[in-house]
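The values are calculated or read from the model by the stated rules, or taken from the named source; none is laboratory data. In this text the structure is predicted, and so the values were computed from the model without any measurement. Here the Cβ is made from the backbone with ideal geometry for all residues, glycine too, and neighbour counts use every protein chain on show.
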Amino acid sequence: MRGARQAGRHDGDVSDVEVRAVTAVDDALRAELLACWTDVNNAGGAVGFVPPVTAADVAPVLDRLLAGVTSGRDVLALLTVDGATAGFACLVGSSSPLRRHWGRVLRVQVHPSRQGQGLGRMLMAGVHDIACSLGWEFLQLTARGGTGVDAFYRRLGYAEHGRLPGAIRVGAGDDRDEIILVRRL
Ligand SMILES: CC(C)(COP(=O)(O)OP(=O)(O)OC[C@H]1O[C@@H](n2cnc3c(N)ncnc32)[C@H](O)[C@@H]1OP(=O)(O)O)[C@@H](O)C(=O)NCCC(=O)NCCS
């Protein structure tokens, strides 16, 4: 495991905020990730679903994500505050020998109870540190159009490199662009 520890402010107190690279996920951590992802979706987060969802809806998608981690190709960036899971993101590598110098970032999320306190910025700083330690030169991710979340990434140095018009159908008659964002490391 690789980690970056920093003091951050949370609820007016100084808390111990850590982002660490996780390459093996036990049942306890899986349950925390599942609860986090379910809550994030149900609070309106744009991470693969449209609310409402249950843990049973999210579980198979989480398990596919974790299969990539278990395979050794991908790495989970785990955000904790005072040791408690507060969010995560997944760094997804490529098995192609032509694409080993960069990776994708998926499922970036901070638990709704902790959003808006600078933790998302800390999570992404940890993601960038992990990506650098893997020798990657740039990161690519996508954001759902119409959510405004691309502004979060632009603040962190990501630039738009196109969009797939209408790629995300969040409901009948509500197609959103998939915004492609890239950041050099
Ligand atoms: C997006 C997310 C990870 C940001 O985490 P956070 O802890 O709330 O963000 P921070 O408090 O670190 O904010 C950092 C900066 O980004 C801005 N920002 C955060 N979320 C934003 C949003 N949705 N839209 C626009 N700007 C946003 C903040 O205002 C802040 O700006 P500043 O630099 O001027 O202070 C979090 O809100 C989240 O989990 N959202 C739901 C899941 C989701 O949609 N993920 C994106 C998948 S592509």
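Descriptive notes on the structure:
- Ile179 among the β-branched types (Val, Ile, Thr), at negative phi, within 11 Å of the ligand (Cβ to nearest atom) and at pLDDT 95 or above: yes
- Counting the residues of region 67-111 that are outside any strand (DSSP E or B) and among the basic types (Lys, Arg) gives 3.
- Which numbered condition Asp74 fails, given (1) more than 26 Å from Ala167 (Cβ to Cβ); (2) crowded, with 16+ Cβ neighbours inside 10 Å; (3) away from the ligand (no atom under 16 Å from the Cβ): (1)
- Test set (1) within 8 Å of the ligand (Cβ to nearest atom); (2) under 21 Å from Leu185 (Cβ atoms); (3) surrounded by 19 or more Cβ atoms within 10 Å (Cβ to Cβ); (4) more than 12 Å from the chain's Cα centre (by Cα) - Leu141 fails condition number: (4)
- Contact map, region 43-70: residues that are surrounded by fewer than 17 Cβ atoms within 10 Å (Cβ to Cβ) paired with residues that are part of a helix (DSSP H, G or I) and among the polar types (S, T, N, Q), Cβ distance under 6 Å, separation 6+ or inter-chain. Pairs shown: Pro51/Asn41; Pro51/Asn42; Pro52/Asn42; Ala55/Thr38.
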